[in-house]
């Protein structure tokens, strides 16, 4: 059977919606991987690379299919399978990712993040994208009718496929993912592919073949409907399943344009995270006081700036849910606080779950853009915009830190939360320190867990200044903390490691740092599970004592 000219509109429609689905799956893939492997450029590169390879292979296989078959049904059967597969991604995707992450953690010691993200991406997303890559060669084959307009026909198919891809880029990003989530996004676009297949099989093919209503056809139709129904039902039922499906203490879980968002309730605190496998972005202690996390060390910055003697004007670039500001308000009187956070949903979480004070001016926007437009001078500027290995290069360069230095008061202090501690020379922190020393005369770092807090000023030697101000602290708990920090501060020296707006390979530097962090974590858990049976491990996982 050959598609006739009168049905060419349907082939154009197929090209349009298949292009749209490609980009929707690509964006959905990145969002599904982000809670486990971060949303860094490295993960984006892996997703794009896998998709391009799958599409290229699909083009080759689709061309061979088109030459082998005269009946379009083979293409639409494959599209039907891709629709079913996409509908099941919300159900099995997170389990595959978790299994890959755990399995590779036991055997991979270098470039773990790359191999884990790549393996998960291949297992989950290659098949539907391979099928979508088969579409265009088949459409070209069945659209050409020998009317002398083959070039025009191919051009229309390619144009509509591209237009569909453009719409498929904007629609998930600005409409479906932030409003209904990644899971339903997969289901929506799977339903679009299913609709195309349904139109073909139940309308076009039926009419052109004058389909016989025999028992075999009825059985086939019912079977397909059952398979499709079960797949979409399973996908829909699992749409609200947690990315951290092994935890039962989750207060809130959602997605925004920028992040996966999760709030957890522990015995002593409430924790905010944008990642499943590592990282705590914010914390609120239920009884107040110090957190025991790196946020405590940041308090040395306001002390250097004289917070025990006067009210400060404080700016936080990367507000999160406001842990640092809340701590400052607890230990220092007065003060004016502005927090810049690019994600409005995180700001909402800060007020809802973390009791962020209404006195805080929370601004939704980009940190560097805000600082560029701001006319104020600040006593303290905290740069806390580095999220796991996702380090915005525009907030790690000489140009950025020069802007920060120019925005400080005469005795102002900059604090930078460097969230990946590296012991090897030439790592990400060495580059950040070297870059900062191009803009500040004095800087020192304090290591706390896997983080390193950096303090910098152009007005004084930061270590000496902290010692001078320590005597003005009345709260004994805070005074003991500052004393420990002052004793362990390490001066930063100028170096050749410098990042600029033009050249800032923060992704490659980050992947090296996180390899070391993951290896250390893996060694810890290897020792913890050594000699235990599967049933013991499952019980510990359920009790929350394994992680």
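Bear in mind these aren't lab numbers, they're just calculated from the coordinates by the rules spelled out. Quantities reported herein were computed from a predicted structural model and do not represent experimental measurements. Positions of Cβ are generated from backbone atoms using ideal geometry, with glycine treated the same way; all protein chains shown enter the neighbour counts.
Of the residues 204, 338, the one with the fewest other Cβ atoms within 10 Å heads the list, and the complete ranking is 204, 338. In this label model, residue 488 and residue 110 are separated by 3.2 nm, measuring between points 7 Å along each Cα→Cβ vector. Exposure proxy shown here: for 347, 167, the number of other Cβ atoms within 10 Å sets the order, fewest to most, as 167, 347. For a Förster distance of 30 Å, can you work out the FRET efficiency between the beta-carbons of residue 45 and residue 254, rounded to the nearest 0.05? Here the calculated transfer efficiency is 0.70.
For region 18-37 versus region 93-132, the inter-centroid distance based on Cα atoms is 14 Å. Label separation (residue 352 vs residue 464): 5.0 nm, computed from points 7 Å beyond Cα along the C-beta direction.
For region 68-175, the Kirkwood hydrodynamic radius from C-alpha pairs, put into Stokes-Einstein at 4 °C and a viscosity of 1.567 mPa s, yields a diffusion coefficient of 77 µm² per second. Sorting 255-262, 322-329 by their mean Cβ neighbour count within 10 Å, with the most densely packed peptide first, gives 322-329, 255-262. Sorting 78, 85 from the fewest to the most surrounding beta carbons within 10 angstrom yields 85, 78.
Rounded to 0.05, the FRET efficiency of the residue 57 and residue 508 pair, given R0 = 22 Å and the Cβ-Cβ distance, is 0.20. Only Cα pairs under 8 Å and 6+ residues apart enter the sum, and on that basis the relative contact order of region 287-507 stands at 22 percent. Calculated on the alpha-carbon coordinates, the convex hull of region 305-398 measures out at 107 cubic angstrom per residue. How would region 287-507 be classified by its alpha-carbon gyration tensor: rounded, prolate or oblate, with rounded meaning a/c under 1.5 and the a/b versus b/c comparison settling the rest? Rounded shape, in that the Cα axes give a/c under 1.5.
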